Amino acid sequence: MKSPILIYTEETPNPESLKFVVNKMLFQGGTADFKTAEEALVWSPLANELFFFPYVKGVYICNNFVTVTKELNYDWEAIKLRLKEFIKNYVAEAKPIINEGFREELERQEAENHSSRDYSGDEAGIVQKIKDLIENVVKPAVAGDGGNIEFKSYEEGVVTVVLQGSCSGCPSSTITLKQGIEGMLRRMVPEVTEVVSEMG
């Protein structure tokens with residue numbers, strides 16, 4: 001007997017993004033962030049179908065939740081129930097969420113992005129500290145809000161991170177970034193002078 005799929009929504013700091021949480025693992029040990037229907041078509045049957053709704057602007061899948069970012073001219077009250085019902089039924093039918101090979105593609109892209117920059121000496125130690133803090137302290141907090149953060153680079157005191165999910169384009173993400181993340185990294189890693197972000 002299959003256990004029924006339960007689903008509830010959580011608000012995120014981004015008024016345009018809503019987190020749909022289900023009682024089933026959707027994509028473990030990674031994040032899948034789809035900004036365009038084209039990307040979704042290749043890698044995620046669930047995200048692809050969500051993009052058929054005219055008000056869906058972005059889909060982010062991680063662990064047991066889907067964060068949907070809507071187009072500005074729609075109101076959550078008008079569309080939330082329809083999306084909730086759609087995701088619940090999709091998961092209940094055990095349809096594929098993420099295609100095979102997606103994780104490998106992510107790893108390939110990441111290797112490509114990071115291969116241009118090798119850190120050595122003191123810098124390597126600083127970068128490791130920054131990565132550990134982002135991984136163990138910042139990431140869990142950001143995931144709670146339906147988003148994700150990834151380390152991109154460190155150069156002369158400036159840490160560049162990539163924001164995904166509800167964090168991407170969120171009005172309060174700048175405050176979180178500057179007051180929260182930058183403040184903490186500067187305290188814990190004195191070499192850090194600034195944290196800047198790119199949208200994932």
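The values are calculated or read from the model by the stated rules, or taken from the named source; none is laboratory data. A quick note: this is a predicted structure, and the numbers were derived from the prediction, not measured. So basically every Cβ, Gly included, is an ideal-geometry build from the backbone, and we count neighbours across all protein chains shown.
Within region 148-200, can you find the residues that are among the small types (Gly, Ala, Ser) and either on the phi < 0 side of the Ramachandran plot or loosely packed, with under 15 Cβ neighbours inside 10 Å (or both)? Spell out how you get there, then give the answer.
Of region 148-200, the ones among the small types (Gly, Ala, Ser) are 153, 157, 165-166, 168-169, 172-173, 180, 183, 197, 200.
Result: Ser153, Gly157, Ser166, Ser168, Ser172, Ser173, Gly180, Gly183, Ser197, Gly200.
So which of Ala141, Ala111 is more than 30 Å from Ile7 (Cα to Cα) and small (Gly, Ala, Ser)?
Ala111
In region 84-135, how many are at pLDDT below 85, among the charged types (D, E, K, R) and surrounded by 14 or more Cβ atoms within 10 Å (Cβ to Cβ)?
0
For every residue, the table says whether it meets (1) more than 22 Å from Asp33 (Cα to Cα); (2) in a loop (DSSP other than H, G, I, E, B).
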site: Glu135; (1), (2): no, no
site: Ala143; (1), (2): no, no
site: Val161; (1), (2): no, no
site: Cys167; (1), (2): no, yes
site: Met184; (1), (2): yes, no
site: Pro190; (1), (2): yes, yes
site: Ser197; (1), (2): no, no
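Do you know which residues across region 38-70 are assigned to a loop (DSSP other than H, G, I, E, B) and modelled with pLDDT of 95 or more? Before you say what the answer is, go through the steps one by one.
Residues of region 38-70 assigned to a loop (DSSP other than H, G, I, E, B): 44, 51-55, 64.
Matches in region 38-70: Ser44, Phe51, Phe52, Phe53, Pro54, Tyr55.
Just a yes or no: is a residue in region 79-93 within 24 Å of Leu6 (Cβ to Cβ) and in a loop (DSSP other than H, G, I, E, B)?
Yes.
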